[in-house]
Amino acid sequence: MRTSIAFAFAATGLAAAPAAAQEMSVSVEIPRLRVAEYHRPYVAVWIEDASGKSVRTLDVWYDVDLSPEDGAKWLPDMRTWWRRSGRAMKMPANGVSAPTKAPGTHARTYRQGSRPLANLPAGSYTLRVEAAREVGGRELVALPFQWPPKASTSATARGKSELGAVRLTTKR
Amino acid sequence: MFAKPSLLALGLTLGLSTLLPTQADAHRRWLLPSATVMAGESDLVTVDAAASNGLFLFEHRPMSLDSLVITGPDGEPVDPTILGSGAYRSVFDVPLAAQGTYRIALVSDGVMGSYELDGERQRFRGSVDDLPAGATDIRTTHNKSRTETFVTLGAPSDTALQPTNSGLEMVPVTHPNDIVAGEPAVMRFLLDGQPAADLEVEFVAGGTRYRDDPGIAMLRTDAEGRLTLEAASAGMYYLEASSAQEATDGQPERRASYTAVLEFLPL
């Protein structure tokens, strides 16, 4: 009991906030496109460690319910995510997969200690967002970040075709 | 009088050469799948089988599907739906009901040759045991050929990739459905189960119609039969290798050939 209190004090002294409050918010902009045939893109959001290994898949937006067809059929169109993570996952995945989203900005917050982020060990990471659209293109956006965040930070990367602004905000 | 034996010899040479696909039919033989990386509970891949010079063009003749062998992720055979053969290609569908990697191959293994009977040279196909009594000067060639491709539903698996140790084979070190443009892919070649060292392998990208350069890379395996494939751009690629061993006492001449189609995906 004594040691855990001491540890909590030490952590508080370093981070000035309980560890459980560490969180990251990701907002993804799906651009409105003027095309003859528009389908909402499939989007994957995941985290890679410093060696490029995928360590967490945070979100996969796809045609979860496309009965009688199987919406999972086109998951490999997100080629990079599919190769590094998707093909080894069981889809749909609870708390990760969700229906495709309309053009606009979609934000979600992930907390340390809670799924799908769980306990992400300290280190250098890259947040990746990949979008692939039926009869459209594919695009990848990357944002490097440190975990746990030493300060509250915010970074934005912008896609050119299938993705608009991708914003990563971390709170210590 | 003098012309007759030489004409006969000529006829024999021509006749024999039509029987030896590795020698006379230099056309590339390939199985081209509609996709190599798939997902979902189940799916289907449709495959074209053809022989041609240009890749991957339907321009010469269809491949016979009599020797089609499909191995599923559990190592068991998978039944295709044969749609038929046209003038330039054969087509079949392969149902993918189980998750993992499928090996789709045309495999042949046969003896052909000639013998002399009553002063006449005769050709034959099949076993030496079936030759008529009195056949002399028997010359045979044992041909083994494999033309194949690979597809994966879900995560790649290795069961279907195990070598049969017969003929010329490619044993993937890099999984054949985990190949991307710009990254080296390592393959290992075996001849009758032994490393095929110093084997010459032709490596060509599809799309020959749309470029002036034939784009043929001649590669060589190392002492362990290993080879590294690299492609700067994504696409379907063709591989071909062949080997021949002279006849020895009690052993006919042996020929083996291997062709494969591999997809390099963009990352």
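The values are calculated or read from the model by the stated rules, or taken from the named source; none is laboratory data. None of these values were measured; they are calculated from a predicted model. For neighbour counting, all protein chains shown are included, and Cβ atoms are generated from backbone atoms with ideal geometry for every residue, glycine included.
Does residue A:155 meet the test of being assigned to a loop (DSSP other than H, G, I, E, B) and either surrounded by fewer than 18 Cβ atoms within 10 Å (Cβ to Cβ) or under 14 Å from the mean Cα position of the chain (by Cα) (or both)? Quick ask: steps written out before the conclusion?
Values: assigned to a loop (DSSP other than H, G, I, E, B): no; either surrounded by fewer than 18 Cβ atoms within 10 Å (Cβ to Cβ) or under 14 Å from the mean Cα position of the chain (by Cα) (or both): yes.
For residue A:155, the condition - assigned to a loop (DSSP other than H, G, I, E, B) and either surrounded by fewer than 18 Cβ atoms within 10 Å (Cβ to Cβ) or under 14 Å from the mean Cα position of the chain (by Cα) (or both) - is not met.
Take region B:198-253 and flag every residue that is charged (D, E, K, R) and assigned to a strand (DSSP E or B). Break it down into steps so the answer makes sense when it comes.
Of the residues in region B:198-253, the ones charged (D, E, K, R) are B:198, B:200, B:202, B:209, B:211-213, B:220, B:222, B:224, B:226, B:230, B:240, B:246, B:249, B:253.
Passing the criteria: B:200, B:202, B:220, B:226, B:240, B:253.
Which one is nearest to residue B:56 (Cα to Cα) among residues in region B:146-185 that are assigned to a loop (DSSP other than H, G, I, E, B) and small (Gly, Ala, Ser)? So that I can check it myself, show each step before the final result.
If we filter region B:146-185 for residues that are assigned to a loop (DSSP other than H, G, I, E, B), which is where we start, we get B:154-158, B:162-167, B:173-179, B:181-184.
Remaining after also requiring small (Gly, Ala, Ser): B:154-155, B:157, B:166-167, B:181-182.
Working: B:154: 26, B:155: 27, B:157: 27, B:166: 27, B:167: 25, B:181: 19, B:182: 22 Å.
In this case the residue turns out to be B:181.
If you take the residues in region B:89-126 that are surrounded by fewer than 18 Cβ atoms within 10 Å (Cβ to Cβ) and of a type in the set (D, E, K, R), which one is modelled with the highest pLDDT?
Applying the filter and picking the extreme gives B:93.
Examine region A:87-94 for a residue that is within 12 Å of chain B (Cβ to nearest Cβ), of a type in the set (Gly, Ala, Ser) and crowded, with 19+ Cβ neighbours inside 10 Å, and state whether such a residue exists.
Pass one, region A:87-94, residues within 12 Å of chain B (Cβ to nearest Cβ): A:87-92.
From what's left, of a type in the set (Gly, Ala, Ser): A:88.
Now narrow it down to the ones that are crowded, with 19+ Cβ neighbours inside 10 Å: none.
The answer is no; no qualifying residue exists.
Which pairs do you get when a residue that is farther than 17 Å from residue B:42 by Cβ, found in region A:55-68, comes within reach of a residue that is of a type in the set (S, T, N, Q), reach meaning Cβ atoms under 6 angstrom, with the pair 6+ apart or on two chains?
Short answer, once both residue conditions are applied: A:57/A:85; A:60/A:97; A:61/A:100; A:64/A:97.
Which one is nearest to the other protein chains (Cβ to nearest Cβ) among residues in region A:43-80 that are in contact with an Asp or Glu (Cβ under 6 Å, 6 or more places away or on another chain) and at pLDDT 95 or above? Outline the logic, then answer.
Just the residues of region A:43-80 that are in contact with an Asp or Glu (Cβ under 6 Å, 6 or more places away or on another chain), to begin with: A:44-45, A:54-55, A:70-71, A:78, A:80.
Right, trim to at pLDDT 95 or above and you get A:44-45, A:54-55, A:78, A:80.
On the way: A:44: 13, A:45: 18, A:54: 13, A:55: 17, A:78: 10, A:80: 6 Å.
Selected residue: A:80.
Return the residue satisfying two criteria in turn: it lies in region A:84-110 and is under 12 Å from the mean Cα position of the chain (by Cα) and outside any loop (DSSP other than H, G, I, E, B), and of such residues it is farthest from residue A:158 (Cα to Cα).
Looking at residues that are under 12 Å from the mean Cα position of the chain (by Cα) and outside any loop (DSSP other than H, G, I, E, B), I get A:97.
Table: residues versus (1) within 18 Å of the chain's Cα centre (by Cα); (2) on the phi > 0 side of the Ramachandran plot; (3) not aromatic (Phe, Trp, Tyr).
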| site | (1), (2), (3) |
| --- | --- |
| B:159 | no, no, yes |
| B:165 | yes, yes, yes |
| B:183 | no, no, yes |
| B:186 | no, no, yes |
| B:204 | yes, no, yes |
| B:210 | no, no, no |
| B:258 | yes, no, no |
| B:267 | no, no, yes |
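Taking residue B:166 as the residue in question, decide whether it is hydroxyl-bearing (Ser, Thr, Tyr) and within 14 Å of chain A (Cβ to nearest Cβ).
On the way: hydroxyl-bearing (Ser, Thr, Tyr): yes; within 14 Å of chain A (Cβ to nearest Cβ): no.
For residue B:166, the condition - hydroxyl-bearing (Ser, Thr, Tyr) and within 14 Å of chain A (Cβ to nearest Cβ) - is not met.
Would you tally the residues in region B:93-134 being among the aliphatic types (A, V, I, L, M), outside any strand (DSSP E or B) and within 30 Å of residue B:76 (Cβ to Cβ)?
Here is the first cut: in region B:93-134, the residues among the aliphatic types (A, V, I, L, M) are B:94, B:96-98, B:104-107, B:111-112, B:117, B:128, B:131, B:133.
Filter once more, so that each one left must be outside any strand (DSSP E or B): B:97-98, B:128, B:131, B:133.
Then keep just the ones that are within 30 Å of residue B:76 (Cβ to Cβ); that gives B:97-98.
Going through region B:93-134 one residue at a time, the tally reaches 2.
Quick check: is even one residue across region A:112-133 within 25 Å of residue B:40 (Cβ to Cβ) and more than 17 Å from the chain's Cα centre (by Cα)?
Going through region A:112-133, the residues within 25 Å of residue B:40 (Cβ to Cβ) turn out to be A:115-116, A:128-133.
If we keep only those that are more than 17 Å from the chain's Cα centre (by Cα) too, we end up with A:133.
Yes, the conditions are met somewhere in region A:112-133.
Would you confirm, using the coordinates I've provided, whether residue B:35 is over 28 Å from residue B:215 (Cβ atoms), among the hydrophobic types (A, V, I, L, M, F, W, C) and more than 14 Å from the chain's Cα centre (by Cα)? Full working, then the answer.
On the way: over 28 Å from residue B:215 (Cβ atoms): no; among the hydrophobic types (A, V, I, L, M, F, W, C): yes; more than 14 Å from the chain's Cα centre (by Cα): yes.
Spelling it out, it is not the case that residue B:35 is over 28 Å from residue B:215 (Cβ atoms), among the hydrophobic types (A, V, I, L, M, F, W, C) and more than 14 Å from the chain's Cα centre (by Cα).
List the pairs whose first member sits in region B:198-211 and is exposed (fewer than 15 other Cβ atoms within 10 Å of the Cβ), whose second member is not in a strand (DSSP E or B), and whose Cβ atoms are under 6 Å apart, counting only residues at least 6 apart or on separate chains?
B:209/B:54
Could you give me the residue pairs with C-beta distances under 7 Å whose first residue belongs to region A:82-108 and is closer than 17 Å to residue A:71 by Cα, whose second residue is among the β-branched types (Val, Ile, Thr) and exposed (fewer than 14 other Cβ atoms within 10 Å of the Cβ) wherever it lies, and which are 6+ apart or on separate chains?
none
Out of the residues in region A:119-148 that are assigned to a loop (DSSP other than H, G, I, E, B) and touching a strand residue (DSSP E or B) at 6+ places or on another chain (Cβ under 7 Å), state the one that is farthest from residue A:45 (Cα to Cα).
Initially, region A:119-148 is screened for residues assigned to a loop (DSSP other than H, G, I, E, B), giving A:119-122, A:133-137, A:148.
Now drop any that are not touching a strand residue (DSSP E or B) at 6+ places or on another chain (Cβ under 7 Å), which leaves A:120, A:122.
Numbers: A:120: 15, A:122: 19 Å.
Only one residue tops the list, namely A:122.
Just to be sure I understand, how many residues within region A:158-172 are assigned to a strand (DSSP E or B) and within 14 Å of the chain's Cα centre (by Cα)? Working first, answer last.
Taking region A:158-172 and keeping what is assigned to a strand (DSSP E or B), we get A:158, A:165-171.
When the remaining residues are screened for being within 14 Å of the chain's Cα centre (by Cα), the result is A:165-170.
Looking only at that region, the number is 6.
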